[in-house]
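**Q** Sharing a structure here in structure tokens format.
Each reported figure results from applying straightforward, stated rules to the coordinates on display, with no laboratory input. The structure presented is a predicted model; accordingly, all values stated were derived computationally and were not measured. Cβ coordinates were reconstructed from backbone atoms using ideal geometry, including for glycine residues, and neighbour counts include every protein chain displayed.
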Amino acid sequence: MVRPALRSRSPRRVAKRTPSGKSKVFYEKRGSYVANCSVCGKPLGGVPKDLKEVRRGSKSRKRPERPYAGTICPTCLALAYKIAIRSA
Ligand SMILES: [Zn+2]
């Protein structure tokens, strides 16, 4: 049996497949947010949804190691680079 705090229904239960291929139930806090691209508004990848991890995790865990990561999506960044290079 899981620990008492997880027996409550307040954490969300999410079934996920682990890298080994087994299906496992993960417990997530409800009311998480999604970081969006500031240009097109699409949800950003590689940015944790858990606010606790955003506050406490190491810098490399919070966003990808790329210029403007966590702010602009890779598609918009590629477009911005193209425009900048062609106008120079
Ligand atoms: Zn974008």
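**Q** Quote the FRET efficiency, to the nearest 0.05, computed for Val25 versus Arg66 with a Förster distance R0 of 35 Å and r equal to the Cβ-Cβ distance.
**A** Efficiency computed from Cβ-Cβ geometry: 0.60.
**Q** Still on this model: Highest mean first, what order results for 42-49, 72-79 on Cβ atoms within 10 Å?
**A** Ranked by mean Cβ neighbours within 10 Å, highest first: 72-79, 42-49.
**Q** Based on the inverse mean of 1/r over its pairs of different Cα atoms, what is the Kirkwood hydrodynamic radius of the chain, in Å?
**A** Its Kirkwood hydrodynamic radius stands at 15.7 Å.
**Q** Could you state the number of Å between the C-alpha centres of the stretch 36-73 and the stretch 5-22?
**A** The stretch 5-22 and the stretch 36-73 have Cα centres spaced 23 Å from each other.
**Q** Given a Förster radius of 22 Å and the C-beta distance between Val2 and Glu53 as r, what FRET efficiency does 1/(1 + (r/R0)^6) yield to the nearest 0.05?
**A** 0.60
**Q** Taking the Cα atoms of the stretch 1-52, report the difference between the largest and smallest coordinate on each principal axis, in whole Å and largest first.
**A** 45, 27, 14
**Q** Could you give the length gained by full extension between Ile83 and Lys16, i.e. 0.36 nm per residue of separation minus their alpha carbon distance, to one decimal place?
**A** Full-extension gain reported as 20.1 nm.
**Q** Let me ask something else. Can you tally the net charge around Ala80? Count Lys and Arg as +1, Asp and Glu as -1, for every other residue whose Cβ sits under 14 Å from the Cβ of Ala80.
**A** Its environment carries a net charge of +3.
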